[in-house]
Each structure stands twice: as C-alpha cells, then as structure tokens.
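Student: Attaching a single structure in structure tokens format; questions to follow.
The values are calculated or read from the model by the stated rules, or taken from the named source; none is laboratory data. Because the structure is a prediction, the values reported are computed rather than measured. Every residue, glycine among them, receives a Cβ derived from its backbone with ideal geometry; neighbour counts consider all protein chains shown.
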C-alpha cells in the first residue's frame, strides 16, 4: 500500500480559527432565544448520530440558519478534524445544509496521511412521522435523510483513479419519554446504508453496507434554568478502508470496530439559541491490518479522544 506522508502541523488554520469562532458565538448568542443542536456532520442530532428532528422553521417557508463548529482531537495517528456547518430548516419538517471538514495530519509517518485531507459534506433530512402524531404519547418521530461527501481521501498518490465520493442514506426514529418528569429520557435508533469508513474520516469503504446506530440521553435541569443532556451513542462502522492501487487492483485495510461516544450537551438558557457539546469518542485502538496469517496489527491510538462543539441558531 502506498500512503502519502504529510508534514502538516498538528492544527490547520481552520482548527486555530475554531476558538475565536466559538467565543464569538458565545457573545453573540446572549442576544437571541431558543435552542438548536447540530451534530458533527451538520444534521440536527446528538454528537455523531442524527435525530428524527429538523432545524426550526415555520410551517410555510424557511427558518433562520443554524451554524456549528466541531473539533475532534483524533490523536497522533488520525490527527485533528475541524468542521464548520450551516443548516437551515424548511416547512417545519425539512432541513438541508453544508459542512466543510478540514484535517490536520498527526505526526505518525506512513499512517497519519491515510485519513482524509478535508472534504465537503452535503446533507438533507425529512420528517415523515412527527413525534406523538395523532395526539398520541407513544409514537416516535421518524425521519429519512441522506449525506453526500465529496473530495474525500484518495488513499495513494492520486493516480489510482479511486473515487473520492461516498455517502449515507438513513432512517431514524426518536422518542422523548416524558413520563419521568424530573429526568426525561431521549431514545434514538436508526440504520444507515453507507460506503464511508468512520463517517468519511477514513475515506471509502469497500462497498455499501447497512450499519445500525443508536443513542440514549437523560435530560436534567441545571442551574439558572439551563438544560444538561447526558448521552451515549453507538454507531456500527464498515470494518475496512478501500484502497485502489495505481494498477487498478483493490484491497482493504484495517478492522474498524463499532464507534462509541459519551457526550454532554449544555443549553445555558431557554432564552438563547445555543448548545455547547463535549464528548469522548472511542473509535479504534489496536486494529488488524492483514487478514492473512500471521495477522499484523497497528495502534490507531483513538480509543478515547476528546471532541467539542457549539451550535447557534440565528
């Protein structure tokens, strides 16, 4: 396998700009009201999994845009990822948006450049069954959505002709259980068809696969009428990363396990359109790189990696 080696610094310009962007949003949010919540790739969601909900909008027409910034410190092998998202709701039950994702390679020669240099993500979602439809208390919200990624990593020297696009199509159901009034529970589950490894961070998977995901959250009232959500997410991943050689032959590498995220979301005030997210991603530690005998292994050093984000609605 031919892997490009990069001498990039640990943080790209986009990563360095993340802090002033977050500080600006914190100051500006004090003038607004209402809460928004965008996930890592842009759709309304938890940290990395979508919810069956959309950005706020009137029944007829477009809502105000929501912006978000997320930073994932993936470690010395995977590197640091920074996303800036723009999402807008339409007609109360639709949303669409764009996310730019940039990558600063780690300092592990021969491995860090395996992960994408930066990609463009386009997403859309439609709620097909609103939560508690028909004046019920038990019907979950159900939504369908899609994600398209372009300019994703091309593992090799760029001459192999491997496609640099991939995507997901997903079905998700979400229910907020309010019977426990002091601590409502958020239940979220879905399935996606994807040909991307680790949401595109690792480039293309060998083929389209059905992968399950889910989340569980507890909603707690915090000081000053703030809201705190404690959540855990799980997302199955395609186990392999696709590699096409310059001769056109294809192979796969690595053995990516199910990703886990432990996250906290803070909504400082019901008067502010602001969400603050922090989480720990368990992506991959020691993985097998050769399915033959003997099996070879590599440590991706991404079993407990910190991520944070902020979402703000205008």
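Student: Restricting the search to the range 102-124, which residues are modelled with pLDDT of 85 or more, in contact with a helix residue (DSSP H, G or I) (Cβ under 8 Å, 6 or more places away or on another chain) and buried (at least 21 other Cβ atoms within 10 Å of the Cβ)?
Tutor: Let us first name the residues in the range 102-124 that are modelled with pLDDT of 85 or more, namely 102-104, 119-124.
Then drop every residue that is not in contact with a helix residue (DSSP H, G or I) (Cβ under 8 Å, 6 or more places away or on another chain), which leaves 102, 104, 119, 121.
Result: 104, 119, 121.
Student: Sticking with this structure for a sec: Tally time: how many residues in the range 52-79 are at pLDDT 90 or above and surrounded by 24 or more Cβ atoms within 10 Å (Cβ to Cβ)?
Tutor: Qualifying residue count for the region: 7.
Student: Within the set of pairs 6 or more residues apart or between chains, which connect a residue that is on the phi > 0 side of the Ramachandran plot and surrounded by 15 or more Cβ atoms within 10 Å (Cβ to Cβ) inside the range 235-262 to a residue that is part of a loop (DSSP other than H, G, I, E, B) and at pLDDT below 75 with Cβ atoms less than 9 Å apart?
Tutor: 254/289
Student: What tally of residues in the range 294-311 results from selecting those that are at pLDDT 90 or above and surrounded by 14 or more Cβ atoms within 10 Å (Cβ to Cβ)?
Tutor: Number of matching residues: 6.
Student: May I pose another question? Looking at the range 179-197, is at least one residue surrounded by 15 or more Cβ atoms within 10 Å (Cβ to Cβ) and over 25 Å from residue 83 (Cα atoms)?
Tutor: yes
Student: Scan (1) in contact with a strand residue (DSSP E or B) (Cβ under 6 Å, 6 or more places away or on another chain); (2) surrounded by 15 or more Cβ atoms within 10 Å (Cβ to Cβ); (3) modelled with pLDDT under 95 for the single condition residue 94 breaks and write down its number.
Tutor: Unmet for residue 94, out of (1) in contact with a strand residue (DSSP E or B) (Cβ under 6 Å, 6 or more places away or on another chain); (2) surrounded by 15 or more Cβ atoms within 10 Å (Cβ to Cβ); (3) modelled with pLDDT under 95: (3).
Student: Those residues that are farther than 15 Å from residue 120 by Cα and part of a strand (DSSP E or B), I need them from the range 91-105; list them, please.
Tutor: Taking the range 91-105 and keeping what is farther than 15 Å from residue 120 by Cα, we get 91-95, 104-105.
Correct list: 94, 95, 104.
Student: I would also like to ask the following. Could you say which residue among 128, 139, 84 is closer than 23 Å to residue 190 by Cα, at pLDDT 85 or above, touching a helix residue (DSSP H, G or I) at 6+ places or on another chain (Cβ under 8 Å) and surrounded by fewer than 20 Cβ atoms within 10 Å (Cβ to Cβ)? Spell out the reasoning first.
Tutor: Values: 128 fails: touching a helix residue (DSSP H, G or I) at 6+ places or on another chain (Cβ under 8 Å); 84 fails: closer than 23 Å to residue 190 by Cα.
Answer to the selection: 139.
Student: Next question, about the same structure. Does residue 42 fit the bill of being over 30 Å from residue 299 (Cβ atoms), surrounded by fewer than 24 Cβ atoms within 10 Å (Cβ to Cβ) and touching a strand residue (DSSP E or B) at 6+ places or on another chain (Cβ under 8 Å)?
Tutor: Criteria not met by residue 42.
Student: Sticking with this one: Just give me the residues in the range 198-223 being surrounded by fewer than 18 Cβ atoms within 10 Å (Cβ to Cβ) and either closer than 18 Å to residue 42 by Cα or under 19 Å from the mean Cα position of the chain (by Cα) (or both), in sequence order. Show your work before the answer.
Tutor: Looking only at the range 198-223, we keep the residues that are surrounded by fewer than 18 Cβ atoms within 10 Å (Cβ to Cβ), and these are 206-210, 212, 216, 218, 220-223.
Within the range 198-223, 208, 209, 210, 212, 216 meet the criteria.
Student: Is there a residue in the range 153-162 that is in contact with a helix residue (DSSP H, G or I) (Cβ under 7 Å, 6 or more places away or on another chain) and modelled with pLDDT under 75? I'd like the intermediate steps shown before the answer.
Tutor: First, pick out the residues of the range 153-162 that are in contact with a helix residue (DSSP H, G or I) (Cβ under 7 Å, 6 or more places away or on another chain): 155.
Those left that are additionally modelled with pLDDT under 75: 155.
Yes, the range 153-162 contains a residue that is in contact with a helix residue (DSSP H, G or I) (Cβ under 7 Å, 6 or more places away or on another chain) and modelled with pLDDT under 75.
Student: Select the strands (runs of 3 or more DSSP E) contained entirely in the range 182-293, then report the ones holding at least 1 residues which are out of contact with any strand residue (DSSP E or B) (no Cβ under 8 Å at 6 or more places or on another chain) and at pLDDT 90 or above.
Tutor: Details: elements: 185-196, 204-221, 227-235, 241-244, 250-253, 259-267, 274-282, 284-288.
Passing ranges: none, list empty.
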